[in-house]
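Peer 1: Structure incoming, see below.
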Amino acid sequence: MEDIRANLKKINDQIKTAAESCGRSADDVLLVAVSKTRTPEEINTAIDAGVTDIGENKVQEIMDKYDDIKPVRWHMIGHLQTNKVKYIIDKVSMIHSVDSYKLAAEINRRAAGKGITMDILIQVNSAQEDSKFGITTDETEGLIKEILDNCENVRIRGLMCIAPYADDPEDIKIYFDQVKEQYDRFGRIEHPRLDFKYLSMGMSHDFQVAIEAGSNLVRVGSAIFGERDYSKL
Ligand SMILES: *Cc1c(COP(=O)(O)O)cnc(C)c1O
């Protein structure tokens, strides 16, 4: 648990350095602590140490841990099946992984049922990796328009991207740059349900490069909590 506190301090320092290196402030960058596979005790330690936002990539994990976690904002960052939207619609504050109209429409339907508006990000797979979810950069505009036209209980807050792994994260900066370019372009659309505020890019091994490319929300897991052990699940 001491490690979690020390790691958080180190990451916050690194975020500050990366932000300041490109003339921005650390306050500009939201740290979402990715708590998948972690115990409530570990997660609550991070919250006590100042974490305000946590990210999970599985519906089941959100449901299993929800009642044991101190007050915090929850982010759904993993692939989401339409039939599971109903379980998290009143638990998470933002869904980062919207990559189809069908999913957005189901989020809209469930949000309307609860009388809320759900914040979402569009997941863009700018490297076009087959192994990752997300739409291609060509599809972003069409999906945004379709959602704005039809989903009254959904608000589009920005874009999300997972870059391919590279030993040297500088090699994949181009993919972050592409998504940043789209973020700036589509953020100019004037619409009551489009309010770009978040560019969700960067994980443990590439968050500094992502911030330099313009990210203002980083999703960091193992650098805070240590390597994940999936066998414990
Ligand atoms: C697991 C995960 C992360 C965090 O990964 P780390 O390498 O542990 O920082 C970020 N984003 C998504 C979508 C993830 O599933």
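The numbers here are math on the coordinates, done by the rules we state, and not lab data. Here the structure is a predicted model, which is why all the values come from computation and not from measurement. All Cβ positions, even for glycine, are placed from backbone atoms using ideal geometry, and neighbour counts span all protein chains on display.
Peer 1: At a Cα cut-off below 25 Å, give the lysines reachable from K16, other chains included and same-chain residues fewer than 8 away excluded.
Peer 2: List returned: K36, K173, K180, K197.
Peer 1: Testing the spin-label approximation: label points 7 Å from Cα along Cα→Cβ at Y87 and T52. State their distance in nm.
Peer 2: In this crude label model, Y87 to T52 measures out at 2.9 nm.
Peer 1: Nearest 5 is fine: what % of DSSP beta bridges in the chain come out antiparallel, could you say?
Peer 2: 5 percent
Peer 1: Next question, about the same structure. Between segment 22-91 and segment 192-206, how many Å separate their Cα centres?
Peer 2: What the calculation gives is 15 Å, centre to centre.
Peer 1: At a threshold of 8 angstrom on Cα-Cα distance, excluding pairs fewer than six apart, so keeping six or more, what relative contact order does the chain reach in percent? Could the numbers behind the result be given before it?
Peer 2: Numbers: 442 pairs, mean separation 48.3, N = 233.
Computed value for the chain: 21 percent relative contact order.
Peer 1: Mind checking which of A127, H75, Y198 is farthest towards the positive end of the chain's charge dipole, using Cβ charges of +1 (Lys, Arg) and -1 (Asp, Glu) about the Cα centre?
Peer 2: Going by the Cα projections, it comes out as H75.
Peer 1: Gain in length, T17 to K114, computed as 0.36 nm per residue apart minus the alpha-carbon separation, to one decimal in nm? Walk me through the numbers on the way to the answer.
Peer 2: Details: separation 97, 0.36 × 97 = 34.92 nm, distance 4.13 nm.
Result: 30.8 nm gained on full extension.
Peer 1: What aspartates and glutamates does K91 reach when the alpha-carbon gap must be under 14 Å and sequence neighbours fewer than 8 apart in one chain are set aside?
Peer 2: Hits, sequence-local ones excluded: D53, E56, E61, D64, D67, D68, D119.
Peer 1: Multiply the residue gap between I189 and K132 by 0.36 nm, knock off their C-alpha separation, and tell me the result in nm, one decimal place.
Peer 2: Extra length from I189 to K132 when fully extended: 17.8 nm.
Peer 1: Across 5 Å bins from 0, what is the distribution of all Cα-Cα pair distances for the chain, in whole percents?
Peer 2: The percentages, shortest bin first, are 1, 7, 15, 19, 20, 18, 12, 7, 2, 0.
Peer 1: Something else: Placing +1 at every Lys and Arg Cβ and -1 at every Asp and Glu Cβ, with all other atoms neutral, what dipole size does segment 2-225 have around its Cα centre, in debye to the nearest 20? If you can, show how the numbers build up before the last one.
Peer 2: On the way: 29 positive and 38 negative charges, 165 e Å.
So the magnitude is around 800 debye.
Peer 1: At 0.36 nm per residue, and after removing the present C-alpha to C-alpha distance, how many nm does the segment from K197 to Q60 gain when stretched out fully?
Peer 2: Working: separation 137, 0.36 × 137 = 49.32 nm, distance 2.78 nm.
Full extension of this stretch gives 46.5 nm more.
Peer 1: Related question: Any idea how far apart D229 and A26 come out in nm if each label point goes 7 Å out from Cα toward Cβ?
Peer 2: 3.1 nm
Peer 1: Given the options I43, V154, A210, identify the residue whose Cα lies farthest towards the positive end of the charge dipole of segment 2-225 (+1 on Cβ of Lys, Arg; -1 on Cβ of Asp, Glu).
Peer 2: So the residue furthest toward the plus end is V154.
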